[in-house]
């Protein structure tokens, strides 16, 4: 199993294209072949960022000395929640994964992306960076080297039902992708349903669920506009991605290669955070057929704008329901770390 994965592997991070032109080539690096497992291969984060970065940008910047293979985890028959464990075991040398996948492993993985915590991408990045040192320390104990964090576009509601606000979620079945979004939906009186991303289209089409939460552009890429009628443009969460390597594998790399990769991954994560903001709006535009959409295919969904009352309701649920439930299942040290970083930045106090 290990040998098979290592022979086919691939991972992901971030932006290539124009960004690569701004970086300088590095000479005298030892020949190094990397094996990487990326995110979902049908999403723009993989297609426009991860794959070009590892297969084009890295070789170009290293004068061909550092090369990489990459495949999306779905292409390898993986589901997602096992990726960090496989990185820790050394089966996956380098990989990208959604932190929310690992909430059941340890609630600390939910800390930066609790439902309602970040109303925009700027705040999402600030709290991610504030908590990054905590993750670095935590994952080092699990034989994982944290290389950086990025994000998908805003996670929003796609509904095959007539909705005008959060109150309309009451009584509806909603596909959620994390425990925290499930608790948010339940606080609104809805029913949380767990369905794999690739199964959402038929679920919406056949009435298995009324709504589903995903990134605005992710939903477009997966053609959710063909089976959903209403798009509610209120960011619920962001689904941050962790980019990581097996610690033992990383430590065996030449220090010059480590520096080369760390520098460029940081450069690329900067760009993908910027892209998330653009793609959030592009997702709104393309799912609803707005003139600003630059894609060839345009959806015909109705864009529902959030009211100030709904923004306040989201904050209320976050403070009174989401954070207390999360704090109850996280350790005292975890809650303390949250309060000294994210809580301090947002003026929120979590309590056991």
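The values are calculated or read from the model by the stated rules, or taken from the named source; none is laboratory data. Here the structure is a predicted model, which is why all the values come from computation and not from measurement. Virtual Cβ from ideal backbone geometry, glycine too; neighbours counted across all protein chains shown.
Numbers below:
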{"item": "Residue check, residue 274 assigned by TED's automatic domain parsing to the domain that holds residue 126, under 15 Å from the mean Cα position of the chain (by Cα), without any contact (Cβ under 8 Å) to a residue 24 or more places away in the chain and farther than 30 Å from residue 30 by Cα", "result": "yes"}
{"item": "Options 228, 187, 244, 222; residue that is outside the structural domain of residue 145 (by TED's automatic domain parsing) and under 19 Å from the mean Cα position of the chain (by Cα)", "result": "222"}
{"item": "Any hit, the stretch 289-297, residues being assigned to a helix (DSSP H, G or I) and surrounded by fewer than 21 Cβ atoms within 10 Å (Cβ to Cβ)", "result": "no"}
{"item": "Helices (runs of 4 or more DSSP H) wholly inside the stretch 1-85 that include at least 3 residues being at pLDDT 90 or above", "result": "58-61"}
{"item": "Flag for residue 313 being assigned to a helix (DSSP H, G or I), touching a residue at least 40 places away in the same chain (Cβ under 8 Å), touching a helix residue (DSSP H, G or I) at 6+ places or on another chain (Cβ under 6 Å) and surrounded by fewer than 20 Cβ atoms within 10 Å (Cβ to Cβ)", "result": "yes"}
{"item": "Some residue of the stretch 236-257 being under 20 Å from residue 288 (Cα atoms), part of a helix (DSSP H, G or I), free of Cβ contacts under 8 Å to residues at least 40 places away in the same chain and out of contact with any helix residue (DSSP H, G or I) (no Cβ under 6 Å at 6 or more places or on another chain)", "result": "no"}
{"item": "Top-ranked residue in the stretch 190-213 [being within 19 Å of the chain's Cα centre (by Cα) and more than 18 Å from residue 314 (Cα to Cα); ranked as surrounded by the most Cβ atoms within 10 Å (Cβ to Cβ)]", "result": "200"}
{"item": "Residue check for residue 161: outside the structural domain of residue 310 (by TED's automatic domain parsing) and either within 14 Å of the chain's Cα centre (by Cα) or under 26 Å from residue 304 (Cα atoms) (or both)", "result": "no"}
{"item": "Scan of the stretch 57-81 for residues that are surrounded by fewer than 17 Cβ atoms within 10 Å (Cβ to Cβ) and without any contact (Cβ under 8 Å) to a residue 40 or more places away in the chain, ordered by number", "result": "59, 63, 64, 67, 75, 77, 81"}
{"item": "Checklist (1) part of a helix (DSSP H, G or I); (2) closer than 29 Å to residue 161 by Cβ; (3) at pLDDT 95 or above; (4) within 23 Å of the chain's Cα centre (by Cα) applied to residue 320, failing item", "result": "(4)"}
